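The values are calculated or read from the model by the stated rules, or taken from the named source; none is laboratory data. These figures come from a predicted structure and were not determined experimentally. In this analysis, Cβ positions are derived from the backbone assuming ideal geometry, glycine residues included, and neighbour counts consider all displayed protein chains. All accessible areas refer to the heavy atoms of the entire protein, side chains included, with ligands and DNA or RNA removed. Shrake-Rupley method; radii C 1.70, N 1.55, O 1.52, S 1.80 Å.
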Amino acid sequence: MDPLKKVAGGWPGGRALDTIESMTGISDRAVVRRLNDRLGFGPAPGDLEAGVDATVRRLLGPATDAAAAAIAVPTGLEPPMRANKQDPDGTKSPDGKKQDPDGKKSPDAEKSPDGKKDRDAKKAANRERAAQERKLTMWWLDRMVVSRTAGERLTWFWHGHFATSNQKVRNAAWMLAQNQTQRRLALGRFGDLAQAMVVDTAMIRWLDGQKNRKGSPNENLAREFMELFTLGIGHYQEADVAQAARCLTGWVLRKDVATFQRKRFDSGTKTLLGKTGDFDAKDFAGLALAQPASAGFVIGRLWFRLVSATPPDAATVARLSTAYGSSRDVRSLLTAMVGEAGFRDPAASLVKQPVEWAVGLLRALRLRPGKLEEKEQTKLLAGLRGMGQLPYRPPSVGGWPAGASWLTTSAGVTRLQLAQQLAKKADLSIVDNATDRVSAVGALLGVDNWSERTRSALAGVKDPAQLTAVAACAPEYVVSG
C-alpha cells in the first residue's frame, strides 16, 4: 500500500526538498525518458529523440490515443451464473437454493440430491469467470503497450488509487465498466471521477455498499472513501463515517448494475464534515473534496507515484494546488507537476511496478501481449503474478506497494525468467548485428548509460536474447531514474 494512504498529514520518510531549486537537474534527454516512464509505460523506439515540450504535448495534450482506442473492447463478459428474472439480485444458485452474495450455498443446498450437479456447474462457472478475466487483462495490457498518451498510464494509476479487485467482485463486465469510467475521466476533473467511483457497481460490490441500508448501516465504503480516496487519516471523525454511511444507503446490485432504491435510502438531516443537510452519495463526495486536506492528499498521491517518494516543499505544493484549482483539473496538475524542479531532481528515482516494467519491455521489444501464443500469454500472466502484480487484482483496498517492495529475491528471479521468455520472442537483429552489443541493447531499452559494473556484467553475455533479458533486469532499467 502507498505509505501516503496511511500517514496523517505528512510524507513517509525521505529528505526534505527545501534545497531543490539549487540542485543540478538531469539532462533534457533524461527528462524525456522520465516523462515516458512516469506518464507512460516507457519509451517506444524513437521517443527519446523528441524534445521535452513535444513529449509533454504528446502525453498531456488533448489528442485522443488512437492506437489504444483501436484495440477492440472485449465482449462476452456476461456473468456465467446470471440470475433469472425471479432472482434479480443473484441470491439463488442455479438449482433455486438461496446462497449468500459471495456465491456460497446454504447447508441445505449442499445436502440436496442435486448437490454434485450444482458443484460441477459452479466449477464450470468459475472457469468461465477466469477466462473472462484473462481476456479483460490481455486487452488492457495490449492498450498499455500501444498507448501514446498519458491517458492509459493515469487509468492504471486510478486503478491503484480506487483499488478494486475482481477476486471479490467476480464480474469481468463490472470491472470493465469501472476501467472505462476511470479511463474516460482519468485526465479530467477529480471531482467527476470521485463521484463516479462512489456509486460504481464494482466498487459497491468490493466495499459492501449493497449491504448498506436505512436502519442497517455498513460503513466500509464511507470510511475508505475518506481515508484512502479523498482525505487521508486525521481529516475526518468517526461521527463523519457514520453520517457518510447514511448518505450512501439505497444502492443495491440489480440486473448487473448498481441501482438506487429510495425506499432503502436513509433520508433526513445529516451532519457531515461540518455541514448539515439531507445529503446523498453525490453530496458526500462533494463535501469530502471540498475539505482543505483533499487537494493536498490527491497531489501527494500523484507525486508519490509519478515523481518521487520524497515530498515537495511548501512552495511547490502551493504552486501545484493553484494548477489543480477549484475545478480539480488533473491534466493541469500533471502539466504543472512535470514542470517542477523536483521532476528533474537526479534523486527522484522510482522502482517500476511489475506491470510497468513488463509493459515497457513488451513495448521496447515490439511485442503485443494479445498476439502472443496462448501458452506465452499464460507465462506472461504467471510472471506478473509471480512478481506480485496483476491488473484487476490489487491485494487490498489500499492498492499495491511501492519502491523496494518490488525488489525481493523471488521477484527478481521471476523477472529474469519473464524477460528471457519475452526476449526469445523478439526480433533482436539490431543487437545481434551491432559491434557494441551492450550499447545496442541499451538503445533498444532506452538506457543511455550503464554503470561500469553493469556494463562489465553485460559484456560477458554473448547470446542476444540472454543479453537483452539480463539488461532488462539491470538496475538502470528496473528503476526509472
- Could you pull out the pairs from 117/168; 122/425; 211/379; 116/255; 168/263; 211/275 whose alpha carbons sit more than 32 Å apart here? 122/425; 211/379
- Item | Cross-link reach list, aspartates and glutamates versus residue 424, counting only Cα pairs under 17 Å and skipping chain neighbours closer than eight places | 373, 374, 376, 432, 463
- Query: In what order, largest first, do 161, 235 sit by accessible area if the probe radius is 1.4 Å?
  - Reply: 235, 161
- If one computes the Cα centroid of the stretch 264-311 and of the stretch 340-379, what distance in Å separates the two points? 32 Å
- Query: Along the charge dipole of the chain, which of 442, 395, 252 sits closest to the positive end, that is, farthest toward it, with unit charges on the beta carbon of Lys, Arg, Asp and Glu (+1, +1, -1, -1)?
  - Reply: 252
- Report the charge-dipole magnitude of the chain in Debye, nearest 20, computed about the Cα centre from +1 at each Lys and Arg Cβ and -1 at each Asp and Glu Cβ. 1480 debye
- Query: Taking all protein chains as present, what is the carbon and sulfur share of the accessible area of the chain, in % to the nearest whole number, probe 1.4 Å?
  - Reply: 52 percent
- What is the percent of Cα-Cα separations in the stretch 331-461 that go past 25 Å? 39 percent
- Task: On a 0 to 90° scale, report how tilted helix 409-425 is relative to the longest principal axis of the chain, with both axes built from alpha carbons and the result rounded to the nearest 10.
- Result: 70 degrees
- Query: Which of 42, 125, 191 sits farthest toward the positive end of the charge dipole of the chain, with +1 on the Cβ of Lys and Arg and -1 on the Cβ of Asp and Glu?
  - Reply: 125
- Query: Which whole-Hz couplings ³J(HN,Hα) result when phi for each residue of the stretch 355-372 is put into the Karplus expression 6.51 cos²θ - 1.76 cosθ + 1.60, θ = phi - 60°, listed in order with x for Gly and Pro?
  - Reply: 5, 4, 4, 5, 5, x, 5, 4, 5, 5, 8, 6, 10, 9, x, x, 9, 6
- Query: So what are the ³J(HN,Hα) numbers for the stretch 236-246, from phi and the Karplus equation (6.51, -1.76, 1.60; θ = phi - 60°), rounded to whole Hz, Gly and Pro as x?
  - Reply: 7, 10, 4, 4, 5, 4, 5, 6, 5, 4, 4
- Message: In whole Hz and in residue order, list the ³J(HN,Hα) couplings for the stretch 218-235 that follow from phi through the Karplus curve 6.51 cos²θ - 1.76 cosθ + 1.60, θ = phi - 60°; x for Gly and Pro.
- Response: 10, 8, 4, 5, 4, 5, 5, 4, 7, 6, 10, 10, 10, 10, x, 4, x, 10
- Provide the solvent-accessible area of residue 53, counting protein heavy atoms only and rolling a 1.4 Å probe, rounded to the nearest 10 Å². 110 Å²
- Note on the structure: the chain accessible area per residue, 1.4 Å probe, protein heavy atoms, integer Å², reads 43 Å²
- Query: How are the Cα pair distances of the stretch 239-338 distributed, in percent, across 10 Å bins from 0?
  - Reply: 14, 34, 24, 23, 6
- Task: Keeping all protein chains in position, work out how much accessible area residue 301 exposes to a 1.4 Å probe, and write it in Å² to the nearest 10.
- Result: 10 Å²
- Message: I'd like the orientation of helix 151-161 relative to the chain: the angle between its Cα long axis and the longest Cα principal axis, in ° from 0 to 90, rounded to 10.
- Response: 50 degrees
- Query: By how many nm would the segment from residue 28 to residue 121 grow when fully extended, if each residue of separation counts as 0.36 nm and the alpha-carbon distance is taken off?
  - Reply: 27.6 nm
- Between residue 254 and residues 5 or more places away or on another chain, which pairs have amide H atoms under 5 Å apart, with H built 1.01 Å from N, and which residues are they? 259
- Query: Ranked by accessible surface with a 1.4 Å probe, highest first, in what order do 324, 236 come?
  - Reply: 236, 324
